[in-house]
Every structure is written in C-alpha cells, then in structure tokens.
Amino acid sequence: MTAAQNGVDGDVVVFVDGTEEAWYAFNWAHDEARRTGRALCVAHVDPHGDAQVVADSGGDDVLAEAAARLADIESPVQVDTRRYCETFQNAVSHASERAALIVVGSGSRHLLQPRLIGRTHGLLGRTTCPMVVMAANARPDLDGVITIGVSLSPGGLAALRFGCTEARRSGRAVVGVRAWSDSDWRLDAIDDDYTPAATWRSIESVVLEQWLERARAQFPDLTIDGALVDSPVYWALEDRAPSSALIVVGARRARIAMLPPLGPVTSWAVHHAGGAVAVVPFDTDGDDEPDAPGPMAHAADSDAAGLNRTRT
C-alpha cells in the first residue's frame, strides 16, 4: 500500500459534479493551485462505472463548464481534466495516490443529514494525500492564514507538517490553535480525577509551546503564531474559519486502522466549520511518531484531532 504523503508533490485534484458545493470546491482548488504553482486536475466520476455510458453521464457538460470558467478569468494554471468510470470512493482513493491534494464539496443539504455521509466521509483519513472538504456556502478568506489544530499526537504532527508545507508554498502565515475551557476540567472532575482550572490551563499552554517550538524549528522561514483559546474546541474552529484560507486537522488513527480514523472533533470540523477543512492522514511509521513531550504534555495530549483532551 502506498504510504501517506503530506501534500508535497502532485496536482491539486478537484472532483466536480455540477452542484453548487462542487463549484465552491473548484474555485478554492483553482486558487490554491495558482498560489502554490501546482497543476489543477478537474475530475468527474461516472456513477455507473461503465465506460459505455460516459458520454451520457453529463460529465462532458460539467468538464466543459469548468474549462469555460477558467477561460473567462484567463487562468495561468495548467489544467487537465479526467473522467473516472468507477465508484466515487474508488476514484478518490486512486486519485489520491498521485495527488498533492484532493478537494471535494461537502454536498451538505441538511444540518442533520448532510450528503457528505456515505460519499466522502468514509474516505477522510484513509486517502493517501490530504483531503480538503469545502462546506456548503463556505466563504474562506483566500488571503487568510492556515489554521492548524494543535496536537503532539502522530495525527497532529502530520497536520503540522502538511499545514506548514502548504503555507510555505502558498506564502501564508500559520496559526496553531489549542482550545481550553473551564468545562474541560469540570468534566475531568466527574471521574474523581480533579485538576484545578489553573493547572489545566497551564498544561494546555505547555502543549501549545512545545508544538510551536517544533513547528518553528522545522519551518524557520514561516511566520507561526499560537493561540490558546478559552472556549470549547468546536467554537474555536468555527470562529477561526472566516479568517482562514484553510483549517487543517489530523486523523485520530492511522489510515489503515480497523477502527474509524476520525475523532469527533475532526468529524465536526468537516461538517460545521464553515470553510475549507483539510483532513491529513498518517501511517504508522517512524516519521509520524512525536518527540517525547514533557510530563505535563502527556497528560493533556491524548487526542489526535488536536486542540483538547476531553473532546476527541
């Protein structure tokens, strides 16, 4: 099996199907390809998986519309189009083996039952390269920062590497976010494992400082700031989305794990953060193992999605 790659080499591949959400993804993918000097591959999937019905699938019209949109703005980006005659899940999986990024629209039509479930959600954390999901009606700040969920876990460190690499290629700054709120230590006390609020906040601060030290050492040319946010993790991501070009979160488990690779925080971000959200996969090899953090950080950093311990 191909090892996970952190979006370094390859094209930006965006899947389009003619829906409004797909065109949001298309616009973001084009801008990212332009900023990073990558080629853009616009892909369409024939749902029947039969080459004989490709001409009748509407794929020609969708890809022609994509080409027309790029011609209207005289795009300097090198563009290729591709049609897959297989299931959507297989097409995305195969495309991710050679891509730098896979970009899709969320397809969310209803708060309680987004169409993302059943099409894309099962692929998140299992593709070879990072996968970016654009929420319906998302308005990310294309000139904004790249926001990364802070964690010292393998998934969190994979997110660090991808987010900073993408920031370097796109000329953006990075903000690492660690969320903390008094509800966290109150929930901790339910199990008779009481931690004073001041101590808990100090622990989270240590995790953030260690993450920043590592990020700045690996990417000394970038502007990397940190934010310890006194609010629940879900609100922290939602609040950051309008000022972010991209929100980056890591998977909870390795992409080949038997259990689902995503934790609740990452799953929530994909559905509700309201911007472009990248889910970064990781493998169980040495490159994804964290350096040994301090003893306080061990207590606070059991999550892989990043940001805080009690909601993972």
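The values are calculated or read from the model by the stated rules, or taken from the named source; none is laboratory data. Computed from a prediction, not measured in an experiment: that's the story for all the values here. Note that each Cβ is placed from the backbone with ideal geometry, even for glycine, and that neighbours are counted across all protein chains shown.
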Provide a single number: the residues in segment 157-184 that are modelled with pLDDT under 90, under 30 Å from residue 132 (Cβ atoms) and of a type in the set (D, E, K, R). 1
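Here's the yes/no breakdown for (1) at pLDDT below 90; (2) in contact with a Pro (Cβ under 8 Å, 6 or more places away or on another chain); (3) over 19 Å from residue 266 (Cα atoms):
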position	(1), (2), (3)
112	yes, no, no
123	yes, no, no
150	no, no, no
154	no, yes, no
Go through segment 225-258 and give me each residue that's free of Cβ contacts under 8 Å to residues at least 60 places away in the same chain and outside any strand (DSSP E or B). 231, 235, 238, 239, 257, 258
One residue from 251, 245, 236, 269 being crowded, with 18+ Cβ neighbours inside 10 Å, among the hydrophobic types (A, V, I, L, M, F, W, C) and at pLDDT below 80: 269
Quick check on segment 169-179. Is at least one of its residues among the hydrophobic types (A, V, I, L, M, F, W, C), outside any strand (DSSP E or B), crowded, with 24+ Cβ neighbours inside 10 Å and in contact (Cβ under 8 Å) with a residue 12 or more places away in the chain? no
Out of (1) touching a Lys or Arg at 6+ places or on another chain (Cβ under 9 Å); (2) at pLDDT 75 or above, what's the single condition that is false for residue 198? (1)
Suppose we filter 49, 7 for residues that are modelled with pLDDT under 95 and closer than 21 Å to residue 277 by Cβ; which single one remains? 7
Could you say which residue among 262, 187, 222 is at pLDDT below 85, in a loop (DSSP other than H, G, I, E, B) and either surrounded by fewer than 16 Cβ atoms within 10 Å (Cβ to Cβ) or in contact with a Lys or Arg (Cβ under 8 Å, 6 or more places away or on another chain) (or both)? 262
Look through segment 24-38, keep the residues that are within 17 Å of the chain's Cα centre (by Cα) and charged (D, E, K, R), and return whichever of them is farthest from residue 171 (Cα to Cα). 31
